[in-house]
Amino acid sequence: MSDGMLVVVIQNDLLDAVRTRVVAPLLPVGRAGPPMRGLNPEFQVGAERVVLMPQLLATLALPELGERVGSLAPMRDDIVRALDILLAGV
């Protein structure tokens, strides 16, 4: 994002024609508060340890997104599990 906050795009690539993206913030471990097991997995992004905050989902217009800094694709299962907890309670 333009304000420097890291986000992960969780929207499926099939919707690339849409000019918005559904994202979940990635907050530094010290700013995230106590994590909820499963809902808030931790990831390493560059030199920073971050926590996924799917409970803060947002939709951003493409111009609001900054440069891509990496990929959490290898962590897909953790991200989907967090979304399952958020949306279905499982």
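Every number in this text was worked out from the coordinates using simple rules, so none of it is lab data. The model shown is predicted, which means the values in this text are computed figures rather than measured ones. Here the Cβ is made from the backbone with ideal geometry for all residues, glycine too, and neighbour counts use every protein chain on show.
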query: Can you give me the relative contact order of the stretch 6-88 as a percent, contacts being Cα pairs under 8 Å and 6 or more apart?
result: 31 percent
message: Around residue 83, under 12 Å between beta carbons, what's the net of Lys plus Arg minus Asp minus Glu among the other residues?
response: -1
query: Given the Cα-Cα distance of residue 36 and residue 81 and 0.36 nm per residue of separation, how much length would full extension add, in nm?
result: 15.0 nm
query: Summing +1 for each Lys or Arg and -1 for each Asp or Glu, what net charge is found among the other residues whose Cβ lies under 13 Å from the Cβ of residue 40?
result: +2
query: Most fluctuating residue of 56, 65, 39 in a GNM of the chain with Cα springs under 10 Å: which is it?
result: 56
Fluctuation leader among 28, 63, 54 - the chain, Gaussian network, Cα springs under 10 angstrom: 63
query: Which FRET efficiency value, to the nearest 0.05, do you get for residue 22 and residue 49 by plugging their Cβ-Cβ distance into 1/(1 + (r/R0)^6) with R0 = 22 Å?
result: 0.40
field: Within a Gaussian network of the chain (alpha carbon springs, distance under 10 Å), most fluctuating of 24, 61, 47
entry: 47
